[in-house]
Amino acid sequence: MKVWPFTHIKNRLVNWLVKDAPVSGIPACDIDRIIYEIQPCDIILVEGRNRISEIIKLTTRSTWSHAAIYIGPLENIRNKTLRAQIEPFFDGSDHEPLLIEGLIGKGVVITPLSEYKKDHIRLCRPVGMSKNDMQRVMTYCADHLGSVYDVRHVFDLLRLLFP
């Protein structure tokens, strides 16, 4: 199978951008408290530790470089259609608190909340959402599971840094 030069360059760039820096000190969040407080459709903001996170924080002038939506443990998802849509993308415990997120190099994936236990995170809660609205939001996110991450956004960010 022939690999186009652009694909090779893109893959090398993505691998370089997603390399995590080591964890520094004690995380600025209490993951046990967050797991206790979090509700479906809450948004987790993450102060990422990789190179792409640093670029995002620099260009947006924000502490936060990444966001994910909380969907809860599989055992708590009552909508059978939604649960069936999510299950093929996660093979862990039904009790594990889960997020849906878009990751460069991986696409739209299911990630356990515990993945961010060593990171500086913030919990954001939408106000005034009905249960029906929450269901529609989670279904919309689940509809995109398996989608590829649009690396074009990375090049747009780089273009902002090097006009």
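The values are calculated or read from the model by the stated rules, or taken from the named source; none is laboratory data. Since the structure is predicted, the reported quantities are computational estimates derived from the model, not experimental observations. Backbone-built Cβ (ideal geometry, glycine too); neighbour counts: all protein chains shown. Quick note on the areas: whole protein, heavy atoms, side chains included, nothing else; ligands and nucleic acids left out. Shrake-Rupley method; radii C 1.70, N 1.55, O 1.52, S 1.80 Å.
Restricting attention to the stretch 62-73 and to residues that are modelled with pLDDT under 90 and out of contact with any strand residue (DSSP E or B) (no Cβ under 6 Å at 6 or more places or on another chain), the residue that is most open to solvent (accessible area, probe 1.4 Å) turns out to be Ser62. Restricting attention to the stretch 122-138, the residues being in a loop (DSSP other than H, G, I, E, B) and out of contact with any helix residue (DSSP H, G or I) (no Cβ under 8 Å at 6 or more places or on another chain) number 5.
Of all residues in the stretch 83-120, those that are part of a helix (DSSP H, G or I) and among the β-branched types (Val, Ile, Thr) total 1.
Applying the condition of being free of Cβ contacts under 8 Å to residues at least 24 places away in the same chain and open to solvent by 60 Å² or more (accessible area, probe 1.4 Å) to the stretch 95-126 and asking which residue is farthest from Gln39 (Cα to Cα) yields Glu115. Please enumerate the residues belonging to the stretch 75-117 that are aliphatic (A, V, I, L, M) and closer than 28 Å to Arg49 by Cα. Within the stretch 75-117, Ile86, Leu98, Leu99, Ile100, Leu103, Ile104, Val108, Val109, Ile110, Leu113 meet the criteria.
Identify the residue in the stretch 38-61 that is polar (S, T, N, Q) and touching an Asp or Glu at 6+ places or on another chain (Cβ under 9 Å) and, among all such residues, is least open to solvent (accessible area, probe 1.4 Å). Looking at residues that are polar (S, T, N, Q) and touching an Asp or Glu at 6+ places or on another chain (Cβ under 9 Å), I get Ser53. Restricting attention to the stretch 16-46, the residues that are in contact with a His (Cβ under 8 Å, 6 or more places away or on another chain) and at pLDDT below 85 add up to 3.
Are any of the residues in the stretch 74-94 out of contact with any helix residue (DSSP H, G or I) (no Cβ under 7 Å at 6 or more places or on another chain), in contact (Cβ under 8 Å) with a residue 24 or more places away in the chain and open to solvent by less than 40 Å² (accessible area, probe 1.4 Å)? The answer is no, given that none of the residues of the stretch 74-94 is out of contact with any helix residue (DSSP H, G or I) (no Cβ under 7 Å at 6 or more places or on another chain), in contact (Cβ under 8 Å) with a residue 24 or more places away in the chain and open to solvent by less than 40 Å² (accessible area, probe 1.4 Å). Those residues that are within 24 Å of Met134 (Cα to Cα), more than 19 Å from the chain's Cα centre (by Cα) and not in a helix (DSSP H, G or I), I need them from the stretch 36-76; list them, please. Hits for the stretch 36-76: nothing passes. A count restricted to the stretch 42-62 and to residues that are in contact (Cβ under 8 Å) with a residue 40 or more places away in the chain and over 15 Å from Met138 (Cβ atoms) stands at 10.
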